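*Asks:* The structure's right below; bear with me while I get my questions together.
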Amino acid sequence: MAVTGQRIAMTASGVAYAVSGDGPPLVYVSGWLSHLEMSWALPAERAFYEALADGRTLIRYDKPGCGLSAAAAPRAYTMQSELDALRDVVAAAGLRRFDLMGISLGAAVAAAWAASAPVARLILYGGWAHGPSVAEPAIQHHVLGLVREHWGLASDLLASIFTPDADAATRAAFALYQQESATAETACAMLALAYEMDVGNLLPRVAAPTLVLHRDRDRAVPLAEGRRLADGIPGAVFSVVPGRSHLPYIGDRESLTRPIRRFLGLPARHRGAAPTLTARQREVAALIAQGCTNREIAARLGIAEKSAEAHVERIRYRMDFRSRAQIAAWYVASAD
């Protein structure tokens, strides 16, 4: 499998978006938090996006205040601000007709968009129509307070809830990924929006062919909420897939990507080998993950500083990374 390159651009309003793959456009609305560079560095998440980008031009974006996007204006996050960010990306990418996919919180945003604007096809995963029903009020209050006061501890807790099927290295990498994606204040504001959002009255207006997917034992969002979302959209197909993890790229990815590709009219995908590093390059990546500079890497490995620099550049080229932070995130998530 050839590595699908990711190209990052910026809208006039400061929303960062990434383009990968080739074919008709598929716009992807992320869930709670995102970081275009860090997500491309996590092997499991990148593999999921590459599966979506095989036969489609996949367009993802970081919401204002998240990842590479500029900080949001000093106001609460709302459905309107979510739709404005999506509209900016659609305009900047010059899109007219496109497929739209939303996961988790992004499913509600995508459904709201499709209720008032035409899309070719709509795909929703792990979503809900009524935010207050996702968790009991006491749980919501506890989680929001933990995020606000102890973002590090909260990110660990949420990683265990969102990724119960992941190995320890992947969970650790995702916990750090959340902290890299947003400040505690932004994370709390966006999570509060997730608990408040209600799109039930908009669903009957969705006219696009719609596929709704939900894992049967999702630990973050009950299956009943996914069914409610599907029931509200005329003609929507509801597909229940096995698994406990809320994040689509954790656990059995194939059970999700297979029906998604079928719904999009794409053939089954024959997955090849993921890009790998040489033994020396893995040594260099390990030292980058420890925070070493090129000079320190050279000293530790007994090589010239220019050789260390060359190794770093080869890693970036081979893995399609733009920064040392991506190399570090990849190494942490890939550790045995």
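The values are calculated or read from the model by the stated rules, or taken from the named source; none is laboratory data. For clarity, every value in this text was computed on a predicted model and none was experimentally measured. Cβ coordinates were reconstructed from backbone atoms using ideal geometry, including for glycine residues, and neighbour counts include every protein chain displayed.
*Asks:* Look at R215 and say whether it is within 18 Å of G31 (Cβ to Cβ) and either modelled with pLDDT under 95 or of a type in the set (D, E) (or both).
*Replies:* no
*Asks:* What residue, of A168, A194, A175, is under 25 Å from R244 (Cα atoms) and surrounded by fewer than 18 Cβ atoms within 10 Å (Cβ to Cβ)?
*Replies:* Going through A168, A194, A175 in turn, just one is under 25 Å from R244 (Cα atoms) and surrounded by fewer than 18 Cβ atoms within 10 Å (Cβ to Cβ): A168.
*Asks:* Of everything in the range 280-308, what is surrounded by fewer than 17 Cβ atoms within 10 Å (Cβ to Cβ) and not in a loop (DSSP other than H, G, I, E, B)? Give them in sequence order.
*Replies:* Result: R280, R282, E283, R295, E296, A299, R300, L301, E305, K306, S307.
*Asks:* Taking the residues in the range 36-51 that are over 10 Å from the mean Cα position of the chain (by Cα) and in a helix (DSSP H, G or I) as candidates, determine which candidate is nearest to C66 (Cα to Cα).
*Replies:* E37
*Asks:* Out of the residues in the range 91-133 that are out of contact with any helix residue (DSSP H, G or I) (no Cβ under 9 Å at 6 or more places or on another chain), over 21 Å from D231 (Cα atoms) and modelled with pLDDT of 95 or more, state the one that is surrounded by the fewest Cβ atoms within 10 Å (Cβ to Cβ).
*Replies:* The residue in question is G94.
*Asks:* Given (1) buried (at least 17 other Cβ atoms within 10 Å of the Cβ); (2) in a loop (DSSP other than H, G, I, E, B), where does P267 come up short, assuming only one miss?
*Replies:* Of the numbered conditions (1) buried (at least 17 other Cβ atoms within 10 Å of the Cβ); (2) in a loop (DSSP other than H, G, I, E, B), the odd one out for P267 is (1).
*Asks:* Check every one of the helices (runs of 4 or more DSSP H) wholly within the range 151-205 and list those with 1 or more residues that are among the polar types (S, T, N, Q), within 26 Å of A41 (Cα to Cα) and more than 16 Å from the chain's Cα centre (by Cα).
*Replies:* Filter on the range 151-205 gives 151-162, 184-196.
*Asks:* Just to be sure I understand, how many residues within the range 19-35 are surrounded by fewer than 23 Cβ atoms within 10 Å (Cβ to Cβ) and not in a loop (DSSP other than H, G, I, E, B)?
*Replies:* Summing the residues that are surrounded by fewer than 23 Cβ atoms within 10 Å (Cβ to Cβ) and not in a loop (DSSP other than H, G, I, E, B) in the range 19-35 gives 3.
*Asks:* Go through the range 52-64 and give me each residue that's among the hydroxyl-bearing types (S, T, Y) and either without any contact (Cβ under 8 Å) to a residue 40 or more places away in the chain or assigned to a helix (DSSP H, G or I) (or both).
*Replies:* Correct list: T57 only.
*Asks:* Follow-up question, since we're still on this one. Cβ-Cβ distance below 8 Å, separation of 6 or more or different chains: which pairs start in the range 120-139 with a residue that is within 14 Å of A110 (Cα to Cα) and end on one that is among the aromatic types (F, W, Y)?
*Replies:* From the range 120-139, the pairs are A120/F98; R121/F263; I123/F263.
*Asks:* Enumerate the pairs (first residue in the range 190-203 and under 15 Å from K63 (Cα atoms); second residue anywhere and not in a helix (DSSP H, G or I)) with beta-carbon separation below 6 Å, excluding pairs fewer than 6 apart on the same chain, so at least 6 apart or on different chains.
*Replies:* Once the first residue is under 15 Å from K63 (Cα atoms) and sits in the range 190-203, its partners that are not in a helix (DSSP H, G or I) give M190/W32; M190/Y77; L193/Y77.
*Asks:* In this structure, does A182 turn out to be crowded, with 18+ Cβ neighbours inside 10 Å, modelled with pLDDT of 90 or more, farther than 22 Å from R244 by Cβ and among the hydrophobic types (A, V, I, L, M, F, W, C)?
*Replies:* On the way: crowded, with 18+ Cβ neighbours inside 10 Å: yes; modelled with pLDDT of 90 or more: yes; farther than 22 Å from R244 by Cβ: yes; among the hydrophobic types (A, V, I, L, M, F, W, C): yes.
In short, yes.
*Asks:* Being free of Cβ contacts under 8 Å to residues at least 40 places away in the same chain, touching a helix residue (DSSP H, G or I) at 6+ places or on another chain (Cβ under 8 Å) and among the charged types (D, E, K, R) is the requirement here; does D156 meet it? Spell out the reasoning first.
*Replies:* Details: free of Cβ contacts under 8 Å to residues at least 40 places away in the same chain: yes; touching a helix residue (DSSP H, G or I) at 6+ places or on another chain (Cβ under 8 Å): yes; among the charged types (D, E, K, R): yes.
Criteria met by D156.
*Asks:* Consider the range 134-143. How many of its residues are among the aliphatic types (A, V, I, L, M) and surrounded by 14 or more Cβ atoms within 10 Å (Cβ to Cβ)?
*Replies:* 3
*Asks:* Among (1) of a type outside the set (S, T, N, Q); (2) outside any helix (DSSP H, G or I); (3) touching a Gly at 6+ places or on another chain (Cβ under 7 Å), where does P118 come up short?
*Replies:* (3)
*Asks:* If E185 meets every condition in (1) farther than 21 Å from P132 by Cβ; (2) in contact (Cβ under 8 Å) with a residue 40 or more places away in the chain apart from one, which number is that one?
*Replies:* Failing condition for E185: (2).
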